Amino acid sequence: IPEARARVIPLGLRRQPRPGATLRPREPVILYVGSIFRRRHVDTLIDVFVKQVAPSVPGSRLEIVGETR
């Protein structure tokens, strides 16, 4: 693709806080979105989160969004 046709879109939003507003830090979240099939290894994701991530990252949580078939 010619360079003139490519655009870089940064990740996330750049919101400016309202004047006088205080921003509170957000808790760390790991988000899994997808079908919950055995081949997707969701059980491994949960196991690793519980054994490694949660103990080392206080306040973290794992969100699983998907359909089980």
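The values are calculated or read from the model by the stated rules, or taken from the named source; none is laboratory data. Source: prediction; values computed, not measured. A quick note on method: Cβ atoms are made from the backbone with ideal geometry, for glycine too, and the neighbour counts reach across all protein chains shown. Accessible surface is based on the protein model in full, side chains and every heavy atom, while ligands, DNA and RNA are left aside. Shrake-Rupley method; radii C 1.70, N 1.55, O 1.52, S 1.80 Å.
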* Report the relative contact order of the chain, percent, no decimals, based on alpha-carbon pairs under 8 angstrom and at least 6 residues apart. => 41
* When the dipole is taken about the Cα centre of the chain, and only Lys, Arg (+1) and Asp, Glu (-1) are charged at their Cβ, what size is it in debye, to the nearest 20? -> 260
* Structure fact -> Here the FRET efficiency for GLU67 versus ARG7, based on Cβ atoms and R0 = 22 Å and rounded to 0.05, is 0.05
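Accessible area, 1.4 Å probe, largest first: how do VAL42, VAL57 sort?
Result of the area sort, largest leading: VAL57, VAL42.
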* Extended-chain gain in nm, criterion 0.36 nm per residue less alpha-carbon gap, THR22 and ILE46 -> 5.3 nm
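Per residue, how many Å² of accessible area does the chain show with a 1.4 Å probe?
About 100 Å² of surface per residue is accessible.
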* Between ARG18, ARG39, ARG26, which gets the highest mean-square fluctuation from a Gaussian network model of the chain, Cα cutoff 10 Å? -> ARG18
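Given the Cα atoms of the chain, and with Rh set as the inverse mean 1/r over their pairs in the Kirkwood sense, what is Rg to Rh to two decimals? Intermediate values should be presented prior to the final figure.
Numbers: Rg = 18.2 Å, Rh = 15.9 Å.
Across the chain, the Cα-based Rg/Rh ratio is 1.15.
At 1.4 Å probe size, with the rest of the protein present, what percent of the exposed accessible area of the chain is carbon and sulfur atoms?
Solvent-exposed carbon and sulfur of the chain make up 55 percent of the total.
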